[in-house]
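Handing you a structure now.
The values are calculated or read from the model by the stated rules, or taken from the named source; none is laboratory data. Only a predicted model underlies this, so the values are computations on that prediction, with no experimental measurement involved. Heads up, the Cβs are rebuilt from the backbone with ideal geometry, glycines too, and the neighbour counts pull from every protein chain shown. Ligands, DNA and RNA are excluded from the accessible area calculation, which covers all protein heavy atoms including side chains. Shrake-Rupley method; radii C 1.70, N 1.55, O 1.52, S 1.80 Å.
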Amino acid sequence: MPYNSIVKGKAVGRWSKEQKERKKNEIRTHNAQLHAAVSVAGVAAAVAALTASNATPLEMSTKQSEAPSKMSAAIASAAALVASHCIEIAEEMGADHHQILTAVSSAINARTNGDVMTLTAGAATGTAVFINHKI
């Protein structure tokens, strides 16, 4: 403890308590950031999965629908890239494999616009959201 704190009358016990509180707040902040990274990866995975499922071979049955199919494939590819980067960031921040796997598995089960909106709202607010559809 610095000499200035003693001179100002700050007790050692109070300083220790403040240090513990600061550490708890740092851990809370890190956990929130970690959860946000995992949640955003889930949203990107859901967008990639839904876009890829919409770019089906049936879409390519006519020349006229070839351009939208290419666009869907391009968007799915871009979303998959964003998801992979979010996953890497979450891993670098300390997320464990199971946490990431659970979020991404849940996200790729999203089937409706409501599912995607729920995942997006969860990522935006820091709430854990899991979609459990039986396929």
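Students often check this: by mean Cβ neighbours within 10 Å, which of 14-22, 90-98, 118-126, 104-112 ranks highest, and how do the rest follow?
104-112, 118-126, 90-98, 14-22
Then there's this: Please list 38, 47 in order of solvent-accessible area, largest first, computed with a 1.4 Å probe with all protein chains present.
Per-residue accessible area, sorted high to low, gives 47, 38.
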